[in-house]
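**Q** Here it is: the structure, laid out below.
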Amino acid sequence: MRSIDPEHLFHRLFDVIPGVYFFAKNREGEFMFLSRNNRERCHLQDEVALIGLNDYDVNPADLARSYVLDDASIYATGKPLLNRVELWFDQLGIPDWFVVNKMPIWSRTGEIIGIMGFSQNYEGRAQLLPPFKNLSKALDYLRNNYQEEIMVTKLAAVAGLSPRQLQRKFKATFGLSPQQFLIRTRLLAGCRRLSRTEQGIGEIAFACGFGDQGTFARQFRRHIGMTPTQYRAR
(Lines give C-alpha, C1' and ligand atoms only; values in the text may rest on other atoms or scores of the structure.)
Protein backbone atom coordinates (compact mmCIF):
# COMPACT_ATOMS: atom_id res chain seq x y z
CA MET A 1 0.00 0.00 0.00
CA ARG A 2 2.81 2.42 0.86
CA SER A 3 4.31 1.90 -2.61
CA ILE A 4 1.16 3.18 -4.37
CA ASP A 5 1.21 6.75 -5.67
CA PRO A 6 -1.34 8.68 -3.50
CA GLU A 7 -2.75 10.21 -6.68
CA HIS A 8 -3.72 6.74 -7.91
CA LEU A 9 -5.26 5.04 -4.89
CA PHE A 10 -8.24 2.71 -5.17
CA HIS A 11 -10.81 5.47 -4.63
CA ARG A 12 -10.20 6.52 -8.25
CA LEU A 13 -12.42 3.60 -9.26
CA PHE A 14 -15.44 5.47 -7.90
CA ASP A 15 -14.89 8.23 -10.45
CA VAL A 16 -16.04 5.89 -13.22
CA ILE A 17 -18.87 3.98 -11.48
CA PRO A 18 -22.16 5.60 -12.58
CA GLY A 19 -24.44 6.73 -9.77
CA VAL A 20 -21.99 6.04 -6.92
CA TYR A 21 -20.92 8.99 -4.74
CA PHE A 22 -17.83 8.09 -2.70
CA PHE A 23 -16.49 10.09 0.25
CA ALA A 24 -13.99 9.80 3.09
CA LYS A 25 -13.58 12.08 6.11
CA ASN A 26 -11.02 12.42 8.86
CA ARG A 27 -11.76 12.41 12.59
CA GLU A 28 -12.43 16.16 12.54
CA GLY A 29 -15.16 15.63 9.94
CA GLU A 30 -13.12 17.21 7.12
CA PHE A 31 -13.35 15.62 3.68
CA MET A 32 -10.22 13.79 2.54
CA PHE A 33 -11.60 12.25 -0.66
CA LEU A 34 -14.67 12.85 -2.81
CA SER A 35 -15.39 11.06 -6.06
CA ARG A 36 -15.60 13.29 -9.11
CA ASN A 37 -19.41 13.29 -9.27
CA ASN A 38 -19.51 14.11 -5.55
CA ARG A 39 -17.20 17.08 -6.11
CA GLU A 40 -19.45 18.19 -8.95
CA ARG A 41 -22.46 17.83 -6.66
CA CYS A 42 -20.75 20.14 -4.17
CA HIS A 43 -19.58 22.53 -6.93
CA LEU A 44 -15.88 21.90 -6.17
CA GLN A 45 -13.50 22.24 -9.10
CA ASP A 46 -10.86 19.78 -7.90
CA GLU A 47 -9.59 17.88 -4.87
CA VAL A 48 -7.62 20.87 -3.62
CA ALA A 49 -10.87 22.82 -3.25
CA LEU A 50 -12.29 20.34 -0.73
CA ILE A 51 -9.38 20.57 1.74
CA GLY A 52 -10.68 21.65 5.15
CA LEU A 53 -14.36 21.48 4.19
CA ASN A 54 -16.90 19.57 6.28
CA ASP A 55 -20.57 18.59 5.93
CA TYR A 56 -21.80 22.01 7.03
CA ASP A 57 -19.78 23.69 4.27
CA VAL A 58 -21.43 21.78 1.43
CA ASN A 59 -24.92 20.88 2.73
CA PRO A 60 -27.91 22.66 4.28
CA ALA A 61 -27.58 22.81 8.07
CA ASP A 62 -30.40 20.38 8.87
CA LEU A 63 -29.04 17.71 6.54
CA ALA A 64 -25.45 18.25 7.67
CA ARG A 65 -26.53 17.83 11.29
CA SER A 66 -28.07 14.42 10.56
CA TYR A 67 -24.89 13.28 8.76
CA VAL A 68 -22.71 14.37 11.68
CA LEU A 69 -24.96 12.53 14.16
CA ASP A 70 -24.60 9.36 12.08
CA ASP A 71 -20.81 9.79 12.16
CA ALA A 72 -20.88 10.23 15.93
CA SER A 73 -22.75 6.93 16.28
CA ILE A 74 -20.08 5.15 14.22
CA TYR A 75 -17.28 6.65 16.33
CA ALA A 76 -19.07 5.62 19.52
CA THR A 77 -19.86 2.04 18.52
CA GLY A 78 -17.30 1.18 15.83
CA LYS A 79 -20.15 -0.34 13.81
CA PRO A 80 -20.83 0.54 10.16
CA LEU A 81 -24.06 2.20 9.09
CA LEU A 82 -25.38 0.16 6.17
CA ASN A 83 -28.23 0.69 3.72
CA ARG A 84 -29.49 3.83 5.46
CA VAL A 85 -31.93 5.87 3.36
CA GLU A 86 -31.17 9.59 3.69
CA LEU A 87 -31.99 12.86 1.99
CA TRP A 88 -29.19 14.12 -0.31
CA PHE A 89 -28.91 16.76 -2.99
CA ASP A 90 -28.19 15.49 -6.49
CA GLN A 91 -25.91 17.19 -9.04
CA LEU A 92 -28.74 19.49 -10.15
CA GLY A 93 -29.25 20.72 -6.60
CA ILE A 94 -32.55 18.88 -6.23
CA PRO A 95 -32.97 16.81 -3.04
CA ASP A 96 -33.86 13.14 -3.33
CA TRP A 97 -33.58 9.94 -1.32
CA PHE A 98 -30.26 8.08 -1.42
CA VAL A 99 -29.08 4.78 0.05
CA VAL A 100 -26.00 5.53 2.16
CA ASN A 101 -23.34 3.14 3.50
CA LYS A 102 -20.71 4.35 5.97
CA MET A 103 -17.85 2.45 7.61
CA PRO A 104 -15.19 3.43 10.13
CA ILE A 105 -11.58 3.84 9.00
CA TRP A 106 -9.36 2.00 11.48
CA SER A 107 -5.74 2.81 12.16
CA ARG A 108 -3.04 0.15 12.60
CA THR A 109 -3.26 0.76 16.36
CA GLY A 110 -6.97 0.01 16.51
CA GLU A 111 -8.33 3.57 16.59
CA ILE A 112 -11.07 4.98 14.39
CA ILE A 113 -9.42 7.83 12.50
CA GLY A 114 -12.13 8.62 9.98
CA ILE A 115 -15.20 7.50 8.08
CA MET A 116 -15.58 6.34 4.49
CA GLY A 117 -18.71 5.61 2.54
CA PHE A 118 -20.76 5.97 -0.60
CA SER A 119 -24.32 6.79 -1.59
CA GLN A 120 -26.60 5.77 -4.46
CA ASN A 121 -29.96 7.12 -5.55
CA TYR A 122 -32.53 4.84 -3.93
CA GLU A 123 -34.60 4.28 -7.08
CA GLY A 124 -34.04 0.63 -7.92
CA ARG A 125 -31.21 0.20 -5.39
CA ALA A 126 -33.36 0.38 -2.28
CA GLN A 127 -35.93 -1.98 -3.73
CA LEU A 128 -33.42 -4.73 -2.97
CA LEU A 129 -33.41 -3.97 0.76
CA PRO A 130 -35.67 -6.32 2.80
CA PRO A 131 -37.00 -3.55 5.12
CA PHE A 132 -37.75 -1.39 2.09
CA LYS A 133 -39.66 -4.18 0.39
CA ASN A 134 -41.96 -4.41 3.39
CA LEU A 135 -42.68 -0.68 3.11
CA SER A 136 -42.94 -0.39 -0.66
CA LYS A 137 -46.75 -0.28 -0.77
CA ALA A 138 -46.88 2.41 1.90
CA LEU A 139 -44.18 4.42 0.11
CA ASP A 140 -45.96 4.18 -3.23
CA TYR A 141 -49.13 5.40 -1.55
CA LEU A 142 -47.26 8.32 0.03
CA ARG A 143 -45.60 9.32 -3.22
CA ASN A 144 -48.91 9.24 -5.11
CA ASN A 145 -51.09 10.89 -2.45
CA TYR A 146 -48.78 13.24 -0.53
CA GLN A 147 -51.07 16.21 -1.31
CA GLU A 148 -53.80 14.67 0.86
CA GLU A 149 -54.10 14.28 4.62
CA ILE A 150 -52.67 10.82 5.31
CA MET A 151 -53.16 9.03 8.62
CA VAL A 152 -50.72 6.43 9.97
CA THR A 153 -53.60 3.97 10.30
CA LYS A 154 -54.29 4.28 6.58
CA LEU A 155 -50.62 3.75 5.69
CA ALA A 156 -50.44 0.72 7.98
CA ALA A 157 -53.50 -0.81 6.32
CA VAL A 158 -51.99 -0.24 2.86
CA ALA A 159 -48.75 -1.95 3.96
CA GLY A 160 -50.54 -4.80 5.72
CA LEU A 161 -48.91 -3.88 9.03
CA SER A 162 -50.10 -2.64 12.39
CA PRO A 163 -49.48 1.08 13.10
CA ARG A 164 -46.80 0.12 15.63
CA GLN A 165 -45.03 -2.17 13.13
CA LEU A 166 -45.17 0.56 10.49
CA GLN A 167 -43.68 3.14 12.86
CA ARG A 168 -40.89 0.74 13.84
CA LYS A 169 -40.00 -0.22 10.25
CA PHE A 170 -39.98 3.40 9.09
CA LYS A 171 -37.68 4.36 11.94
CA ALA A 172 -35.35 1.43 11.29
CA THR A 173 -35.15 2.03 7.52
CA PHE A 174 -35.21 5.81 7.24
CA GLY A 175 -34.50 7.10 10.73
CA LEU A 176 -37.81 8.95 10.36
CA SER A 177 -41.40 8.47 11.45
CA PRO A 178 -44.06 8.11 8.72
CA GLN A 179 -45.21 11.67 9.49
CA GLN A 180 -41.67 13.04 9.09
CA PHE A 181 -41.25 11.09 5.86
CA LEU A 182 -44.50 12.59 4.54
CA ILE A 183 -43.27 16.12 5.28
CA ARG A 184 -40.01 15.51 3.45
CA THR A 185 -41.83 13.91 0.51
CA ARG A 186 -43.95 17.05 0.25
CA LEU A 187 -40.83 19.19 0.43
CA LEU A 188 -39.18 17.19 -2.37
CA ALA A 189 -42.25 17.81 -4.51
CA GLY A 190 -42.03 21.49 -3.62
CA CYS A 191 -38.37 21.62 -4.65
CA ARG A 192 -39.18 20.13 -8.03
CA ARG A 193 -42.00 22.59 -8.62
CA LEU A 194 -39.79 25.51 -7.57
CA SER A 195 -37.07 24.48 -9.99
CA ARG A 196 -39.21 23.34 -12.92
CA THR A 197 -42.29 25.60 -12.91
CA GLU A 198 -43.16 29.27 -12.51
CA GLN A 199 -45.94 28.62 -9.99
CA GLY A 200 -46.22 31.02 -7.05
CA ILE A 201 -44.99 29.93 -3.60
CA GLY A 202 -48.52 29.83 -2.18
CA GLU A 203 -49.80 27.77 -5.09
CA ILE A 204 -46.95 25.30 -4.66
CA ALA A 205 -47.61 25.09 -0.91
CA PHE A 206 -51.22 24.01 -1.45
CA ALA A 207 -50.34 21.70 -4.35
CA CYS A 208 -47.84 19.85 -2.13
CA GLY A 209 -50.20 19.31 0.78
CA PHE A 210 -49.26 22.17 3.11
CA GLY A 211 -52.13 24.09 4.68
CA ASP A 212 -50.70 27.50 3.92
CA GLN A 213 -47.64 29.26 2.53
CA GLY A 214 -46.26 30.06 6.00
CA THR A 215 -46.16 26.41 7.05
CA PHE A 216 -44.49 25.45 3.78
CA ALA A 217 -41.86 28.18 4.23
CA ARG A 218 -41.10 27.18 7.84
CA GLN A 219 -40.73 23.49 7.03
CA PHE A 220 -38.70 24.29 3.92
CA ARG A 221 -36.24 26.44 5.84
CA ARG A 222 -35.95 23.88 8.62
CA HIS A 223 -35.22 20.90 6.36
CA ILE A 224 -33.64 22.41 3.25
CA GLY A 225 -31.72 25.20 5.00
CA MET A 226 -33.10 28.16 3.01
CA THR A 227 -36.39 29.79 2.04
CA PRO A 228 -38.36 28.62 -1.03
CA THR A 229 -37.54 31.94 -2.71
CA GLN A 230 -33.80 31.51 -2.06
CA TYR A 231 -33.95 27.93 -3.35
CA ARG A 232 -35.66 29.01 -6.56
CA ALA A 233 -33.13 31.78 -7.12
CA ARG A 234 -30.21 29.36 -6.60
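The values are calculated or read from the model by the stated rules, or taken from the named source; none is laboratory data. In this text the structure is predicted, and so the values were computed from the model without any measurement. Quick reminder, even Gly has a Cβ in these numbers, built from the backbone with ideal geometry, and neighbours come from all protein chains shown. Remember, those area values only see protein heavy atoms, side chains included, never the ligands or the DNA or RNA. Shrake-Rupley method; radii C 1.70, N 1.55, O 1.52, S 1.80 Å.
**Q** Once you charge only the Cβ atoms, +1 for Lys and Arg and -1 for Asp and Glu, what is the size of the charge dipole of the stretch 1-77 about its Cα centre, to the nearest 20 debye?
**A** 180 debye
**Q** In degrees between 0 and 90, to the nearest 10, how far off the longest principal axis of the chain does helix 163-174 point, with axes built from Cα atoms?
**A** 30 degrees
**Q** Related question: To the nearest 10 degrees, how steeply does helix 61-77 sit against the main Cα axis of the chain, on a 0 to 90 scale?
**A** Tilt relative to the chain: about 50 degrees.
**Q** Counting alpha carbon pairs within less than 8 Å and at least 6 residues apart, what relative contact order, in whole percent, applies to the chain? Kindly include the intermediate steps, with their values, before the conclusion.
**A** On the way: 319 pairs, mean separation 35.5, N = 234.
Here the relative contact order equals 15 percent.
**Q** Calculate, in nm to one decimal, what Ser107 and Asn145 gain on full extension: separation in residues at 0.36 nm each, minus their alpha carbon distance. Don't jump to the answer; show the numbers that get you there.
**A** Values: separation 38, 0.36 × 38 = 13.68 nm, distance 4.83 nm.
Net length gain for the segment: 8.8 nm.
**Q** Starting from the Kirkwood Rh over alpha-carbon pairs, what translational D in µm² s⁻¹ does the stretch 19-120 have by Stokes-Einstein at 20 °C and 1.002 mPa s?
**A** Details: Rh = 13.7 Å.
This corresponds to a translational diffusion coefficient of 156 µm²/s.
**Q** At a Cα cut-off below 15 Å, give the aspartates and glutamates reachable from Lys154, other chains included and same-chain residues fewer than 8 away excluded.
**A** Partners within reach: Asp140.
**Q** Let me ask you something else. What does the charge count around Ile115 come to, taking other residues whose C-beta lies under 15 Å from its C-beta (Lys +1, Arg +1, Asp -1, Glu -1)?
**A** Summing Lys/Arg as +1 and Asp/Glu as -1 gives -2.
**Q** Between the alpha-carbon centers of the stretch 163-234 and the stretch 41-81, tell me the distance in whole angstrom.
**A** Using only Cα atoms, the two centres lie 22 Å from each other.
**Q** Show which lysines lie in cross-link reach of Lys102 when reach means a straight Cα distance below 24 angstrom and same-chain residues fewer than eight apart are skipped.
**A** Once the sequence-local lysines are set aside, what remains near Lys102 is Lys25, Lys79, Lys133, Lys169, Lys171.
**Q** May I ask you to give the percent of accessible area on the stretch 9-119 that is carbon plus sulfur, with a probe radius of 1.4 Å?
**A** On the stretch 9-119, the fraction of accessible area on carbon and sulfur atoms equals 60 percent.
**Q** Can I ask one more? What value does the chain have for Rg/Rh, both radii from Cα atoms and Rh as Kirkwood defines it?
**A** Value, to two decimals: 0.99.
**Q** With +1 on each Lys and Arg Cβ and -1 on each Asp and Glu Cβ, how big is the dipole of the chain about its Cα centre, in debye rounded to the nearest 20?
**A** About 820 debye.
**Q** Report the per residue volume, in Å³, of the convex hull enclosing the C-alpha atoms of the stretch 167-234.
**A** 83 Å³
**Q** Treating the angle as unsigned and between 0 and 90°, give the value, to the nearest 10°, between the Cα long axis of helix 130-145 and the longest Cα principal axis of the chain.
**A** 40 degrees
**Q** Now for a different question. What net charge do the residues around Ile74 carry, taking every other residue with its C-beta under 15 Å from that of Ile74, with Lys and Arg at +1 and Asp and Glu at -1?
**A** Residues near Ile74 contribute -1 overall.
**Q** Next question. Would you mind working out the accessible area per residue for the stretch 143-234, using a 1.4 Å probe, and quoting it in Å²?
**A** 54 Å²
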